[in-house]
C-alpha cells in the first residue's frame, strides 16, 4: 500500500493491517504449512487406489494426473524414473545455491508420492552432502523406500541424517578403492570405476536389480548422467513459473550438432498448482 493511501485511511480513522516484508524464513514456513494441507489434485480415495494398484502391480483405474503413476504401479521388470524441478529457463537454483523453493508445494507433495511408490530412491553424494536429506515419505501416506547414495570416494559424513536414520534401508555405492567408514547397519556396494574413473550407471542399475521401481531424485549431474546413458525409463520434469536467469542448470547433456540428434520423448502435461508436470516417456 502506498503512503498517500495509508495517510488518507489513517485520517479517517481506518485501522491499517501491519505491513511485513517477505523474507526467506517466512516463505519457508508458509510453504511448509501448505504442505500440511490436503492435496487438492488427488482425493484420499484416489491415492489409496494408487497405493493398492502398486501393491497388486496393476495400473490404477484412474485418469488425468493420477495416470502419471500408472507405469510405476504396473511395472513387472525394473523401472527407473527420474524427477527434477526447475524454472522455465532451466535453472535449479541461484548463483548462491538458493533453491528453496523453486517448485510449488504441490510439486513437493508429488515428489513424496513418487518416493512412496518406489522401492528405492537414488541420489548423488553432492545432493546428500549439500541438502542432508532423509529421503523418507512424509507428506503422503505410504512406505519409505530404501535410500541409496552414489558416493564414489566415500565423502559422505558419518553423522549425516540419512546415514543415522534407521527407518529404511541405507545403501552406499562407492569405488572399490574408497576408504569405507560408514555407521553400522549401512550397506556398502563397491564397484570398479570405468576408464574415466566414474561409476557405471548400467552397473549401478544391475546391482540394484532387487528393486522393481527406482527413483533417481538428484542431483542434476547424477540425473543427467542416467539420462545421457539411456538408463531412465521415465522422467518427471517439474517446471515452475520462475525466470532465474543465472545459476546452475538442470539437465546437462553432451553437445549435439543437429536437432535430429535430440531426445524426443512422448510427453503428457499436467498442471500441478502453479507448476507444470511434464511426464516424459523415454522408452519411445
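In table form, for the structure just shown:
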quantity	calculated
From the options 140, 123, residue that is assigned to a loop (DSSP other than H, G, I, E, B), in contact (Cβ under 8 Å) with a residue 12 or more places away in the chain, under 30 Å from residue 44 (Cβ atoms) and in the same structural domain as residue 232 (by TED's automatic domain parsing)	140
Matching entry among 204, 214, 148 (being farther than 24 Å from residue 107 by Cα and either modelled with pLDDT of 95 or more or in a helix (DSSP H, G or I) (or both))	204
So residue 263, is it in a loop (DSSP other than H, G, I, E, B) and either out of contact with any helix residue (DSSP H, G or I) (no Cβ under 8 Å at 6 or more places or on another chain) or surrounded by 17 or more Cβ atoms within 10 Å (Cβ to Cβ) (or both)	no
Residue in the range 91-99 that is crowded, with 18+ Cβ neighbours inside 10 Å, in contact (Cβ under 8 Å) with a residue 60 or more places away in the chain and not in a loop (DSSP other than H, G, I, E, B) present	yes
Top-ranked residue of the range 225-239 - restricted to ones that are touching a helix residue (DSSP H, G or I) at 6+ places or on another chain (Cβ under 8 Å) and outside any loop (DSSP other than H, G, I, E, B), ranked as nearest to residue 106 (Cα to Cα)	238
Any hit, the range 189-196, residues being at pLDDT below 95 and loosely packed, with under 11 Cβ neighbours inside 10 Å	yes
Residue satisfying condition, being more than 22 Å from the chain's Cα centre (by Cα), within 27 Å of residue 248 (Cα to Cα) and part of a loop (DSSP other than H, G, I, E, B), within set 185, 197	197
Test set (1) surrounded by fewer than 20 Cβ atoms within 10 Å (Cβ to Cβ); (2) under 20 Å from the mean Cα position of the chain (by Cα); (3) at pLDDT 95 or above; (4) not assigned by TED's automatic domain parsing to the domain that holds residue 136 - residue 34 fails condition number	(3)
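The values are calculated or read from the model by the stated rules, or taken from the named source; none is laboratory data. Predicted model only: the values in this text are computed from it and were never measured. Cβ coordinates were reconstructed from backbone atoms using ideal geometry, including for glycine residues, and neighbour counts include every protein chain displayed.
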